[in-house]
Amino acid sequence: MTALHETLRRYVADRAVPGAVALLARGDDVEVVTVGHVDADGSAPMARDSLFRIASITKPVTAAAVLMLVEEGLAGLDDPVDTWLPELAKPMAVRTPSGPLDDLVPAARPITVEDLLSSRTGWGFPSDFSLPAVQALFAVQKDGRYPQAYPAPDVWLAGLAQVPLLYQPGEAWLYGTSSDLQGVLVARASGRTLPEFLAERVFEPLGMKDTAFEVPADRRDRFTTSYRPGPDGTLEVADTPDGEWSRLPAFPSGGGGLVSTADDWLAFARMLLGAGEANGRRLLSPTSVSRMTSNHLSARQREIGRLFLGGQGWGYGAQVDVTPAEPWNVPGRYGWVGGTGTTAHLVPATGTVALLLTQVAMADPTPTPLMRDIWRVTA
């Protein structure tokens, strides 16, 4: 029994998770471990092709889609986003992050496409949720783990435009909102819906046959039940196979709306490791992949996002490790975690890909003990 298998087996035996899929790939050498069941009732064993709500490991996929538009000349990194998102043409910002909502100043400059990609638009979550502008954002920025809670993009954008920026554009890394804005940008700039664009330009070329914003009835026997920890530590059902993903949402969330499998996300990771090429087709240029997987944050910006980043950096759509704070924090390691209990990382220097898919949600932004143990044995 490998260390990866033993780690998963221990957490399933302790009932921390009903089941899990883990994958470790080094070049063509791929280890996939499945343990437990698709639900707490044990109705079916976990399988390599089990479907999971991957939550925020959707973000790198959306960032890649934006870069495709940049490469085609449909958008530029320095272009103001109000070309496609006119609702955001004249944002106001709080004078200071801790200031009241009635003490506002105009944005010093327009929000750009690069601001969206690097999560420095001025909207999003810092380490301190108590700030007035953050509390106002909570009324608009929905939990991506429940896609049917979102209104249509036009309605969501109109509401967001009424929330003041917490920081000036480009000044601070803030979590969450920018990736949803990226998804709306892709749809408006391409003239396609986000699901249509991703299916045609990303999923089909990479053979990601099970990745989508909804799960059709004939695949739900492979779809895991989603849980959240209850107050007493027991697992509570958060969503069933016939629930939130049984139909296309009004707002397909570029920040967290996809369902996928371990092999599908591996295909996406291999495209990045291949400098944008896979299966004989080029999806992105090496320059775009390099920008995507390089840190864009200053030390101060990393500190503002410490609750989420733990002092590490951010590329486009995911974290980029810059300091060896833990054994798994290899400088250059790129990837992220999903609030539904998923993680996905790749290390360009070694060609390593490590994935963990579970169906138990995180209680807060801190990675769970299972996540950390999986990172430890796959480092």
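On a 0 to 90° scale, report how tilted helix 262-273 is relative to the longest principal axis of the chain, with both axes built from alpha carbons and the result rounded to the nearest 10.
Between the helix axis and the principal axis of the chain, the angle is about 50 degrees.
I want to verify a result. In a Gaussian network model of the chain, Cα cutoff 10 Å, which of these has the top mean-square fluctuation: 247, 53, 281?
Its mean-square fluctuation being the largest, the pick is 281.
Could you give the spread of the C-alpha atoms of the chain along their three principal axes, from largest to smallest, in whole angstroms?
Cα extents, longest axis first: 59, 50, 43 Å.
Could you name the lysines in cross-link range of residue 142, using Cα to Cα under 26 Å and dropping any fewer than eight places away on the same chain?
59, 90
Looking at 256, 289, 245, which one has the Cα that reaches farthest to the positive end of the dipole of the stretch 236-292 (charges on Cβ: Lys, Arg +1; Asp, Glu -1)?
Among 256, 289, 245, the one farthest towards the positive end of the dipole of the stretch 236-292 is 289.
Please calculate the 1.4 Å probe accessible area of residue 35, with all protein chains present, and give it to the nearest 10 Å².
Rounded to the nearest 10, that gives 20 Å².
For helix 59-71, report the angle its Cα long axis makes with the longest principal axis of the Cα atoms of the chain; keep it between 0 and 90° and round to the nearest 10°.
So the helix axis and the longest Cα principal axis differ by about 50 degrees.
Tally up the carbon and sulfur contribution to the accessible surface of the stretch 1-66 as a whole percent, 1.4 Å probe, everything protein left in place.
The C+S portion of the solvent-accessible surface of the stretch 1-66 is 46 percent.
What spacing in nm lies between the two simple spin-label points modelled at residue 5 and residue 277, each 7 Å away from Cα in the Cβ direction?
Roughly 3.7 nm, to one decimal.
What residue among 202, 237, 113 shows peak mean-square fluctuation when the chain is described by a Gaussian network model with Cα springs under 10 Å?
Looking only at 202, 237, 113, the biggest GNM fluctuation is shown by 237.
Over what distance in Å are the Cα centres of the stretch 62-135 and the stretch 155-179 separated?
Rounded to whole Å, the Cα centres lie 5 Å apart.
Of the listed peptides 346-356, 128-138, 82-92, what is their order by residue-averaged count of other C-beta atoms within 10 Å, with the highest listed first?
By packing density, highest mean first, the sequence is 346-356, 82-92, 128-138.
Report, ordered by chain and residue number, the aspartates and glutamates lying within cross-link reach of residue 209, taken as a straight Cα distance under 15 Å and ignoring same-chain residues fewer than 8 apart.
Straight-distance partners of residue 209: 49, 196, 200, 218, 263, 264.
When you count, for each residue, the other Cβ atoms within 10 Å and take the mean per peptide, how do 364-372, 61-69 rank with the highest first?
Working: 364-372: 15.6, 61-69: 25.2.
Result, highest mean Cβ count within 10 Å first: 61-69, 364-372.
Quick one: helix 3-13 against the long Cα principal axis of the chain, what's the angle to the nearest 10°, folded into 0 to 90?
Relative to the chain, helix 3-13 is tipped by roughly 90 degrees.
When a/c reaches 1.5 or more, the comparison of a/b and b/c decides; with that in mind, is the stretch 38-119 rounded, prolate or oblate per its Cα gyration tensor?
It comes out oblate by the Cα gyration axes.
Let me see the pair-distance distribution of the stretch 252-322: every alpha carbon pair, 5 Å bin width, integer percents in order.
Taking every Cα pair in the stretch 252-322, the percentages come to 4, 15, 18, 19, 20, 16, 6, 2, 0.
The values are calculated or read from the model by the stated rules, or taken from the named source; none is laboratory data. For clarity, every value in this text was computed on a predicted model and none was experimentally measured. In this analysis, Cβ positions are derived from the backbone assuming ideal geometry, glycine residues included, and neighbour counts consider all displayed protein chains. Just so you know, the surface numbers come from the protein's heavy atoms only, side chains and all, with ligands and any DNA or RNA stripped out. Shrake-Rupley method; radii C 1.70, N 1.55, O 1.52, S 1.80 Å.
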